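Here the structure is laid out as structure tokens; the discussion comes afterwards.
The values are calculated or read from the model by the stated rules, or taken from the named source; none is laboratory data. Since this is a predicted model, take the numbers as computed values, not measurements. Cβ: placed from backbone, ideal geometry, glycine included. Neighbour counts: every protein chain shown. Please note that ligands, DNA and RNA were not included when accessible areas were found on the heavy atoms of the full protein model with its side chains. Shrake-Rupley method; radii C 1.70, N 1.55, O 1.52, S 1.80 Å.
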Amino acid sequence: MTESPYLDAVRCQNRGGRPPVWIMRQAGRYMPQYRKLREEHSLMKMFRTPELIEEVTKLPIDLLGVDAAILFSDILIILDALGVKWDVVQGRGPVLEGMTDASLHLDDVHDKLSFVAEGIGRIKESVDVPLIGFAGAPFTVASYLIEGGSSRDLKRTKVWMYRDPAGFTALLDLITNATVNYLNMQIDAGVDALQIFDSWSGHLAAGPFEAYSLAYLRQILSRIKDPNIPVTIYGKGVSFYALYLADLQPSCLSLDWQCDITQMRGMVPENVALQGNLDPYLLYGEWETIRGEVDRILEGMADDPGFVLNLGHGVLPDTPFENVKRLVAHVKQAHASQA
Ligand code: CP3
């Protein structure tokens with residue numbers, strides 16, 4: 001990899017270049033080629049087979065021309081190292097079994113998740129854009145464990161958190177240790193950057209946000225073995241906590257769509273890059289509408305050395321593929337036509 005607008009931008013060093021673009025959940029069901037693979041293999045097999053991890057990770061590079069690859073996996077794969085069985089059920093999302101204190105333990109991450117390291121090795125041999133590795137933040141992973149799946153309000157999680165802070169903290173400590181080992185394994189295997197997804201921390205009030213989200217993100221950042229690997233932090237529904245997240249000094253903050261990224265640029269320190277922040281539903285609109293919103297962000301962030309264009313959350317499964325393709329092409333060419 002000789003030059004990468006993505007790596008330059010997450011390091012706030014993209015001076016004079018075009019803004020990089022990639023899409024959260026860029027390999028997924030909105031792609032006909034992905035749906036075809038899913039007809040042949042179960043999702044659990046795809047997540048656990050190095051050849052398929054490589055093949056799916058490469059789809060958006062080949063079909064969209066995005067500036068970064070993201071490892072094809074899931075934040076819940078860490079459960080394989082915690083002795084918890086899980087699956088993703090059509091129409092319901094993730095479903096977890098067997099969450100009892102007795103069944104939870106930390107196995108050797110290298111052993112239980114070796115297929116991820118092998119997948120990363122294969123991708124690195126055949127892809128010439130940077131590869132982003134990732135993990136879920138402890139609070140978000142804990143919420144799946146406690147809820148047994150997706151939840152509208154995280155009621156069980158929050159009730160447990162308030163009733164049994166010591167037990168809740170012990171669970172977060174366990175997940176954090178697994179996550180640090182897992183991220184460091186990904187670095188050893190060759191990823192160029194990392195992103196941490198705290199998708200559900202937006203449910204937290206300020207005190208618990210500090211105690212159960214920020215404190216653990218801070219710990220993870222300090223335990224990542226290679227300070228040269230840029231780390232992006234993503235949270236959903238946390239724009240109002242963006243300055244606390246920026247205080248952690250991640251390389252980059254990935255913003256959801258409920259804030260004005262240009263206004264955020266004025267508040268977040270200059271050495272923290274910003275990624276975002278189109279509404280995923282925008283991609284159901286007519287092209288003129290899409291272009292209007294994209295150009296609004298591109299103009300607001302023009303010449304910013306630390307800006308990555310992305311959505312504010314993952315691309316949705318029935319998004320028209322052509323719109324995603326056109327979005328990527330537009331971002332890559334908009335700068336060229338200005339110059
Ligand atoms: O960005 C990428 O393309 C990389 C792969 C990736 C997946 N999940 C693949 C996946 C990443 C980065 C994730 C992260 C993830 N997984 C998060 C954090 C980001 C976010 O969206 O908030 C969360 C909360 C999960 C948990 C999870 N896994 C959910 C909510 C789902 C979707 C359930 C559904 O039915 O849509 C999954 C399954 C999953 N993970 C799919 C993919 C492509 C769906 C695949 C399928 O059904 O074929």
Amide H proximity to residue 136 below 5 Å, modelled H, separation 5+ or other chain, gives 197
Cα-based count: Lys pairs in the chain below 18 Å, eight or more positions apart or different chains?
10
So what's the back-of-envelope 222 nm ellipticity for the chain, counting only DSSP H runs of four-plus at -39500 (n - 2.57) apiece and dividing by all residues, rounded to 500?
-13500 deg cm²/dmol
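Compute the relative contact order of the stretch 97-204 as a whole-number percentage, counting only Cα pairs closer than 8 Å that sit 6 or more residues apart in sequence.
Numbers: 99 pairs, mean separation 50.9, N = 108.
For the stretch 97-204, the relative contact order is 47 percent.
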So what's the stretch 199-339 giving for Cα Rg divided by 2.2 N^0.38 Å, two decimals?
1.11
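Working from the alpha-carbon coordinates of the chain, get Rg over Rh, Rh being the Kirkwood radius. Write down the numbers at each step before the final one.
On the way: Rg = 19.0 Å, Rh = 20.2 Å.
My calculation puts Rg/Rh at 0.94.
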Which whole-number percentage describes the relative contact order of the stretch 258-339, with Cα contacts under 8 Å and a sequence gap of 6 or more?
38 percent
Selection from 193, 175, 221, by position along the positive dipole direction of the chain (Cβ):
175
Probe of 1.4 angstrom, ligands and nucleic acids ignored: what's the accessible area per residue over the chain, in square angstrom?
42 Å²
In the stretch 74-233, what percentage of the DSSP-assigned beta bridges are antiparallel, given to the nearest 5?
40 percent
Ordering 257, 200 by accessible area with a probe of 1.4 Å, largest first, what comes out?
257, 200
HN-Hα J in Hz across the stretch 83-93 - Karplus 6.51, -1.76, 1.60, θ = phi - 60°, x for Gly and Pro
x, 10, 7, 8, 7, 10, 9, 3, x, 10, x
Interchain or long-range residues, amide H under 5 Å from residue 308's placed H
274, 275, 276
Please list, short to long, the whole-number percent of alpha-carbon pairs of the stretch 268-319 in consecutive 10 angstrom bins beginning at zero.
24, 49, 22, 4
Compute the angle between helix 50-64 and the longest alpha-carbon principal axis of the chain, please, reported from 0 to 90 degrees and rounded to the nearest 10.
30 degrees
Two-decimal ratio, the stretch 182-263, of alpha-carbon radius of gyration to 2.2 N^0.38 Å
1.10
Just want to confirm a number: the relative contact order over the chain, from Cα pairs under 8 angstrom separated by 6+ residues, in percent.
24 percent
Express the carbon and sulfur contribution to the solvent-accessible surface of the stretch 118-274 as a percent, rounded to the nearest whole number, probe 1.4 angstrom.
50 percent
